[in-house]
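What follows is a single structure, written as structure tokens, with notes after it.
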Number of protein chains: 2
Amino acid sequence: MNISDVAARSGIPPKTIRYYEDIGLVKPPRDTNGYRVFREADMHKLAFMGRARALGFTIENCRNLLALWEDKNRASADVRHIAEDHLAQIEAKIADLNAMRETLKTLVTSCSGDDRPDCPILNDLAKLSKK
Amino acid sequence: MNISDVAARSGIPPKTIRYYEDIGLVKPPRDTNGYRVFREADMHKLAFMGRARALGFTIENCRNLLALWEDKNRASADVRHIAEDHLAQIEAKIADLNAMRETLKTLVTSCSGDDRPDCPILNDLAKLSKK
DNA sequence: TAAGGCCTTCCAGTGACTGGAAGGCAAGTG
DNA sequence: CACTTGCCTTCCAGTCACTGGAAGGCCTTA
């Protein structure tokens with residue numbers, strides 16, 4: 001399999017696949033012409049990556065998850081631990097974004113949004129900074 | 001006012017303030033010794049920045065908001081438009097994160113998290129990638 | 001005069017790619 | 001066989017918004 005085949009099958013762009021090779025996530029052998037030759041195992045790793053990345057895991061987390069995936073003697077607790085940490089981070093980020101959203105919503109609805117210059121959004125941005 | 005005073009008053013680290021000068025957001029004059037001298041107006045701009053950044057506006061948005069802030073003839077509609085766009089992006093991101101959170105929560109609770117290797121999290125990451 | 005704590009600039013790194021240039025290779029057509 | 005098209009390769013640079021660190025100058029106080 002060449003890189004564009006894997007890209008199509010895994011949903012990961014060729015550029016990204018090369019990048020993943022750069023950082024040592026996959027190690028496809030090379031053909032005599034220098035082309036990367038992807039085996040089924042490489043494909044599965046990349047698809048795994050795609051899925052894990054879509055869930056927001058960092059590359060380093062993905063690296064660890066891949067290692068656990070390939071370790072037949074793993075403890076599922078290790079996997080769960082990574083996922084729990086990540087879940088907590090996502091929840092923290094959601095909380096941050098919700099706070100922003102609330103403030104923004106208030107500001108946006110309080111702004112008339114017409115030709116006049118008076119703007120509670122700008123007032124707020126300026127005002128609170130004086131605290 | 002020297003940089004560390006502004007940093008203390010605006011809550012923005014000196015490094016970041018220098019960076020903001022680099023990208024042209026503030027233009028404090030220099031003392032004979034080369035030190036930056038911040039006026040009240042610079043302080044307010046920086047505090048404005050801090051507040052806008054805390055609401056998740058990008059630097060480019062902040063730049064535009066600052067310009068509108070200083071434009072006495074602005075239309076509040078322009079400000080509102082920027083804020084609405086940003087709000088929409090935040091809401092989109094929240095939706096993405098909520099989807100991740102749901103999936104992760106399901107996975108985490110389905111994993112026993114003990115010494116044994118069976119792990120629904122890894123199964124899922126591997127399985128769905130085969131689709 | 002010396003110490004410390006400021007200030008300056010410049011360089012490099014973060015995370016996870018992404019765009020683009022330059023050039024080699026493969027497959028199909030005339 | 002030449003040509004074209006499209007894939008493949010590498011390498012460099014840029015993204016975003018900082019942040020860390022080094023090297024060296026300045027200012028204040030003892």
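The values are calculated or read from the model by the stated rules, or taken from the named source; none is laboratory data. Source: prediction; values computed, not measured. Cβ coordinates were reconstructed from backbone atoms using ideal geometry, including for glycine residues, and neighbour counts include every protein chain displayed.
Quick rundown of the values:
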{"quantity": "Residue in the range B:27-40 that is within 30 Å of A:Val79 (Cβ to Cβ) and either in contact (Cβ under 8 Å) with a residue 24 or more places away in the chain or of a type in the set (Asp, Glu) (or both) present", "calculated": "no"}
{"quantity": "Close pairs from the range B:1-23: first over 20 Å from B:Glu60 (Cβ atoms), partner acidic (Asp, Glu) and assigned to a loop (DSSP other than H, G, I, E, B), Cβ under 8 Å, at least 6 apart", "calculated": "none"}
{"quantity": "The range B:88-125, residues that are small (Gly, Ala, Ser) and either surrounded by 18 or more Cβ atoms within 10 Å (Cβ to Cβ) or in contact (Cβ under 8 Å) with a residue 40 or more places away in the chain (or both)", "calculated": "B:Gly113"}
{"quantity": "Condition met for B:Lys72 (of a type in the set (D, E, K, R) and more than 16 Å from DNA strand D (Cβ to nearest atom))", "calculated": "yes"}
{"quantity": "Only one of A:Arg51, A:Arg101 that is of a type outside the set (A, V, I, L, M), within 16 Å of DNA strand C (Cβ to nearest atom) and at pLDDT 95 or above", "calculated": "A:Arg51"}
{"quantity": "Where A:Asp85 falls short, out of the listed (1) out of contact with any Cys (no Cβ under 8 Å at 6 or more places or on another chain); (2) surrounded by 17 or more Cβ atoms within 10 Å (Cβ to Cβ)", "calculated": "(2)"}
{"quantity": "Complete set of residues in the range A:2-38 that are away from DNA strand C (no atom under 13 Å from the Cβ) and either within 14 Å of another protein chain (Cβ to nearest Cβ) or surrounded by 16 or more Cβ atoms within 10 Å (Cβ to Cβ) (or both)", "calculated": "A:Val6, A:Ala8, A:Arg9, A:Pro28, A:Phe38"}
{"quantity": "The one condition in (1) under 25 Å from B:Lys93 (Cα atoms); (2) loosely packed, with under 13 Cβ neighbours inside 10 Å that A:Glu70 fails to fulfil", "calculated": "(1)"}
{"quantity": "Among the candidates B:Gly50, B:Gly113, B:Gly34, B:Gly24, residue that is of a type outside the set (A, V, I, L, M, F, W, C) and more than 16 Å from DNA strand D (Cβ to nearest atom)", "calculated": "B:Gly113"}
